[in-house]
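The values are calculated or read from the model by the stated rules, or taken from the named source; none is laboratory data. Not measured: the values here are computed from a predicted model. All Cβ positions, even for glycine, are placed from backbone atoms using ideal geometry, and neighbour counts span all protein chains on display. The area values use the complete protein model at the heavy-atom level, side chains included, leaving out ligands, DNA and RNA. Shrake-Rupley method; radii C 1.70, N 1.55, O 1.52, S 1.80 Å.
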Amino acid sequence: MPSTNGRGSRRAILYARVSTEEQARSGYSLAQQIEALRAYAEREGYEVLEEVLDPGHSGSSLDRPGMDRVRGLVQNGGVAAVLAQDRDRFSREPAYTYLLRREFEEHGTKLKALNDRGDESAEGELTDGILDQLAKFERAKIKERTRRGKLRRAREGKIVATVTPDFGYRYNTDRTGYVVDEEAMSVVRRIFYMVGVEGLAMRATKRALEAEGVLSPMGKRYWHQTTIRRIVLDDVYRPHTAHEVAALVSPEVAARLDAKGLYGVWWFNRKRTKTEQVAVEGPEGRVYKRRTRSFDNPREEWIAVPVAGSGIPREWADAARARVEGGVRSPSQAGHRFWELSGGMCRCGGCGRTMMCARVPSRNGKLHYYYRCSERARNGKDACTVTKMAPAGKTEARVWEFVKGLLLEPERLRAGLERMIQQEREGLRGDPEREAKAWLERVVEADRKRSGFQDMAAEGLITMPELREKLADLEETRRVAERELELLRGRREELERLEREKDVVLETYAGLTLEGLEELEPEERHRVYQMLSLAVLVNPEGTIGVSGVFGEAENVCELWQGSRSRRSRGPGSRRPSPHPGRREGCA
């Protein structure tokens, strides 16, 4: 499609972005950005093709729904410019801005910001590039100053406040220390008593708390065993003498301790976290999720902060910790069967949550297996509209009957698989090979500059602090480029995997006779479902909907309609009890 740049109507896309952190810190307004862009477009004679917003998305990545939309519109052609109020609205990483500029230029589209300092000449681009790097350097300095401020605060014996304090505590008025919350701390003491004195296991403690109606730290009626374990092993609850704490803190902090007092220890800088936004291809297209990963820092980097004592006896704390640390991990709760629709494949049609595997024992000890809404299981009968559990055997049999019919229609199956692969290709945006080449060039350029800066330092042209700053900036550029190359590699590998699995499905399973399909084991059926991107929805009215590469198929079967009453099953039969005390489930 020919570009309309130049004479005649010039069409522009207005782009505005604000991250969650910016909204919370300064109320940075999307409306204000769009208003400024509309005024600029009117003055410059641009026809606004579309206004694209990215609320709550960080500029540290190009994986944003709004930016996907912009790139798609530019690829369609006929866009003269993409306008943003500030350069960092496109991206906070200069390498990303560079990549977008080159990608848009291939379609005759300019990337323009209202705060551009240079013109379209090579000198102008250099000026903007230098300003981008300076802005990035200043952001890095602010981040480093913030981190150092938190470290200094912890070394002074002050809490570095987060969203919520540890369970059983609340912040003091200036949020620099802990005050015991007696109501919540009584629950913590109860946990230590049950585990350390009564000798209860994690599962028994969890059930006791739920039976007593005790709310968890999240305010839920459902307790996780990992929550109980974390509480038992946390040094903030274990009492320490002033002498013990003094060995962990600075002399200035130790001087403020009461020699006869008991303290908990709150650790700062134990872990470092990394949050990034990732694009995930799902049944309804590309969606964005935040992924947070944590890493343990070396023990010598931890900083101890003394806090008010929990009031838990030392012998309770040590006994509970010894029991938890010496405990043996319990076996799988799924029972001695393979769950064909496990792994998030089976979902609740009432709330959309994953159906969990549940086994219910009858009076004679026989186990009955079900798929049950996890939301209802954890938060009570009013949490979801799906009131019944789906019998595992019947549900799996009905789904397999449907999939067998699909496997006996190779052409329909082939069309669905090819459609799925085409959607994955379209999700790659642009030319992956060209994009990979651009990132490789960035890596090579960073290595070349590193060598040049080292030579300058050896000749005394720059100081060592200047060298360290420049090398740190180059290392960040290399890290970003390598991460993007890894993402591209992962997407290509995913596409290759889909191609391979298409061939496996069509050559191995679609070629089987009905008798051959009947002989497949549950594990193999599960593998077929994964290759077909199968999704099973258990609806409130008792029907099953199945979707996947073949599209949507509602009401595959009915699970509960026309079921016999308890009386009709005879005096010796009994419907499995849904009482929580007699149920064991697995996520």
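Can you pull out the residues in the stretch 228-241 that are of a type in the set (K, R) and assigned to a loop (DSSP other than H, G, I, E, B)? First the steps, then the outcome.
Here is the first cut: in the stretch 228-241, the residues of a type in the set (K, R) are 229-230, 238.
Hit for the stretch 228-241 is R238, nothing else.
Give L83, L53, L73 a once-over and let me know the one that is modelled with pLDDT of 90 or more and part of a helix (DSSP H, G or I).
Values: L83 fails: part of a helix (DSSP H, G or I); L53 fails: part of a helix (DSSP H, G or I).
Being modelled with pLDDT of 90 or more and part of a helix (DSSP H, G or I) holds for just one of L83, L53, L73, which is L73.
What pairs come out if I take residues in the stretch 39-63 that are closer than 30 Å to T477 by Cβ and open to solvent by 60 Å² or more (accessible area, probe 1.4 Å) and pair them with residues that are of a type in the set (D, E) and part of a strand (DSSP E or B) whose C-beta lies under 9 Å away, six or more apart or interchain?
S60/E276
Which one of these does A247 not meet: (1) over 30 Å from R376 (Cα atoms); (2) open to solvent by less than 50 Å² (accessible area, probe 1.4 Å); (3) of a type in the set (A, V, I, L, M)?
(2)
Is the stretch 237-260 home to any residue that is under 20 Å from V163 (Cα atoms), β-branched (V, I, T) and out of contact with any helix residue (DSSP H, G or I) (no Cβ under 7 Å at 6 or more places or on another chain)? Talk me through it step by step, then tell me what you get.
We begin by selecting, within the stretch 237-260, every residue under 20 Å from V163 (Cα atoms); these are 237.
Those still in the list that are β-branched (V, I, T) too: none.
No, the stretch 237-260 has no match at all.
Evaluate the stretch 391-413: report whether one residue or more is acidic (D, E), within 22 Å of L517 (Cα to Cα), modelled with pLDDT of 70 or more and open to solvent by less than 80 Å² (accessible area, probe 1.4 Å). I'd like the intermediate steps shown before the answer.
Just the residues of the stretch 391-413 that are acidic (D, E), to begin with: 396, 401, 409, 411.
So of that shortlist, the ones also within 22 Å of L517 (Cα to Cα) come out as 396, 401, 409, 411.
With the extra rule that they be modelled with pLDDT of 70 or more, the set shrinks to 396, 401, 409, 411.
Remaining after also requiring open to solvent by less than 80 Å² (accessible area, probe 1.4 Å): 396.
For the stretch 391-413, residues acidic (D, E), within 22 Å of L517 (Cα to Cα), modelled with pLDDT of 70 or more and open to solvent by less than 80 Å² (accessible area, probe 1.4 Å): present.
Just to be sure before I move on: is Y15 within 28 Å of the chain's Cα centre (by Cα), among the aromatic types (F, W, Y) and at pLDDT 60 or above in the structure I sent? Please lay out each step first, then the result.
Values: within 28 Å of the chain's Cα centre (by Cα): yes; among the aromatic types (F, W, Y): yes; at pLDDT 60 or above: yes.
Yes.
So Y193 fits all but one of (1) farther than 13 Å from Y237 by Cα; (2) touching a residue at least 24 places away in the same chain (Cβ under 8 Å); (3) open to solvent by 70 Å² or more (accessible area, probe 1.4 Å); what number is the exception?
(1)
Hey, does the stretch 147-167 have a residue that's at pLDDT below 75 and of a type in the set (S, T, Y)?
no
Quick one: L134 ticks every box in (1) touching a helix residue (DSSP H, G or I) at 6+ places or on another chain (Cβ under 7 Å); (2) farther than 24 Å from D258 by Cβ bar one, so which box is it?
(1)
Could you check L99 against (1) at pLDDT 85 or above; (2) closer than 24 Å to E482 by Cα; (3) surrounded by 15 or more Cβ atoms within 10 Å (Cβ to Cβ) and say which number it fails?
Checking L99 against (1) at pLDDT 85 or above; (2) closer than 24 Å to E482 by Cα; (3) surrounded by 15 or more Cβ atoms within 10 Å (Cβ to Cβ), the one that fails is (1).
How do the pairs read when you match residues in the stretch 199-227 that are without any contact (Cβ under 8 Å) to a residue 60 or more places away in the chain and under 20 Å from A320 (Cα atoms) with residues anywhere that are open to solvent by 50 Å² or more (accessible area, probe 1.4 Å) and of a type in the set (S, T, N, Q), using Cβ under 6 Å and keeping only pairs 6 or more apart or on different chains?
K206/Q225
Do you know which of the residues in the stretch 268-305 that are assigned to a loop (DSSP other than H, G, I, E, B) and either surrounded by 11 or more Cβ atoms within 10 Å (Cβ to Cβ) or among the hydrophobic types (A, V, I, L, M, F, W, C) (or both) is modelled with the highest pLDDT? Can you show your working first?
Quick first cut of the stretch 268-305, residues assigned to a loop (DSSP other than H, G, I, E, B) only: 269-270, 283-284, 297-298, 302.
In the following step, the residues that additionally are either surrounded by 11 or more Cβ atoms within 10 Å (Cβ to Cβ) or among the hydrophobic types (A, V, I, L, M, F, W, C) (or both) were identified as 269-270, 283, 297, 302.
On the way: N269: 90, R270: 87, P283: 56, N297: 85, W302: 93.
The extreme case among them is W302.
Does the stretch 242-262 contain at least one residue that is in a strand (DSSP E or B) and in contact with a Ser or Thr (Cβ under 8 Å, 6 or more places away or on another chain)?
Going through the stretch 242-262, the residues in a strand (DSSP E or B) turn out to be 262.
Now narrow it down to the ones that are in contact with a Ser or Thr (Cβ under 8 Å, 6 or more places away or on another chain): 262.
Yes, that holds for at least one residue.
Mind checking which residues of the stretch 378-390 are of a type in the set (G, A, S) and modelled with pLDDT under 85? Before the answer, list the steps.
Restricting attention to the stretch 378-390, the residues satisfying the condition of being of a type in the set (G, A, S) are 380, 383, 390.
Matches in the stretch 378-390: G380, A383.
Hey, any hits in the stretch 213-227 for a residue that's more than 39 Å from the chain's Cα centre (by Cα), surrounded by 15 or more Cβ atoms within 10 Å (Cβ to Cβ) and assigned to a helix (DSSP H, G or I)?
The answer is no; no qualifying residue exists.
In the stretch 64-80, what residues are of a type in the set (G, A, S) and crowded, with 19+ Cβ neighbours inside 10 Å? If you could, list the steps in order and put the result at the bottom.
From the stretch 64-80, those of a type in the set (G, A, S) are 66, 72, 77-78, 80; that's our starting set.
Within the stretch 64-80, A80 is the sole residue that qualifies.
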